[in-house]
Amino acid sequence: MTADPFQQRVIACIKRIPKGKVATYGLIAAMAGNPRSARQVVRALHSSSAKEGLPWQRVVNAKGQVSLPAGSGLEEQTALLKAEGVTFDRGGRIDLGTYLWGGSKK
DNA sequence: AACCTGACTTCGG
DNA sequence: TCCGAAGCCAGGT
């Protein structure tokens, strides 16, 4: 297992995402200390989502959409977010201006 | 050790 | 607003 503080940071940040809000990979990466490692956020998520029970469904890309391919849990993810009060527009996009987590609890 | 892939981001047209 | 190309970083093969 990795002892990278970055990964630990990512996990911690995701755990802090409030309900009804979403965060982008880049935002998390920046909070974790590496704004260029958005991809690694993804990896950290994959590495510990199930293990840490992280709300990976609240993590979306910069476009405000869920990047998961349909059939891999996308339907579940969107359903969960909707249940939390997040609304999706016609294209399955989230209104980042309203639901993007500010990360003020840094 | 080298190459390839990836739940991304940002810029330009 | 949408599409395409380039850049970055780490893990897997």
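The values are calculated or read from the model by the stated rules, or taken from the named source; none is laboratory data. What you see is a predicted model, and the numbers here were worked out from it, not measured in a lab. So basically every Cβ, Gly included, is an ideal-geometry build from the backbone, and we count neighbours across all protein chains shown.
Among the residues of the stretch A:1-50, which ones are within 23 Å of A:ILE94 (Cα to Cα), of a type in the set (Gly, Ala, Ser) and in a loop (DSSP other than H, G, I, E, B)? Matches in the stretch A:1-50: A:GLY20, A:SER37.
Residues in the stretch A:33-54 that are more than 11 Å from DNA strand C (Cβ to nearest atom) and touching a helix residue (DSSP H, G or I) at 6+ places or on another chain (Cβ under 8 Å): how many? The total comes to 5.
Condition first: touching a strand residue (DSSP E or B) at 6+ places or on another chain (Cβ under 7 Å), more than 16 Å from DNA strand C (Cβ to nearest atom) and in a loop (DSSP other than H, G, I, E, B). Now tell me which residues in the stretch A:66-102 satisfy that. Hits for the stretch A:66-102 are A:VAL86, A:TRP101.
Looking at A:GLY85, A:GLY97, A:GLY91, A:GLY64, which is the one that is over 11 Å from the mean Cα position of the chain (by Cα), on the phi > 0 side of the Ramachandran plot and not aliphatic (A, V, I, L, M)? Answer to the selection: A:GLY85.
Looking at A:ALA62, A:ALA38, A:ALA3, A:ALA12, just one residue is free of Cβ contacts under 8 Å to residues at least 12 places away in the same chain, within 16 Å of A:TRP101 (Cβ to Cβ) and surrounded by fewer than 20 Cβ atoms within 10 Å (Cβ to Cβ), and that residue is A:ALA12. Is there a residue being in contact with a helix residue (DSSP H, G or I) (Cβ under 9 Å, 6 or more places away or on another chain), modelled with pLDDT under 90 and within 16 Å of DNA strand C (Cβ to nearest atom) anywhere in the stretch A:20-27? No: the stretch A:20-27 contains no residue that is in contact with a helix residue (DSSP H, G or I) (Cβ under 9 Å, 6 or more places away or on another chain), modelled with pLDDT under 90 and within 16 Å of DNA strand C (Cβ to nearest atom).
Determine whether the stretch A:92-104 contains at least one residue that is within 11 Å of DNA strand B (Cβ to nearest atom) and either among the charged types (D, E, K, R) or surrounded by 15 or more Cβ atoms within 10 Å (Cβ to Cβ) (or both). Within the stretch A:92-104, one or more residues are within 11 Å of DNA strand B (Cβ to nearest atom) and either among the charged types (D, E, K, R) or surrounded by 15 or more Cβ atoms within 10 Å (Cβ to Cβ) (or both).
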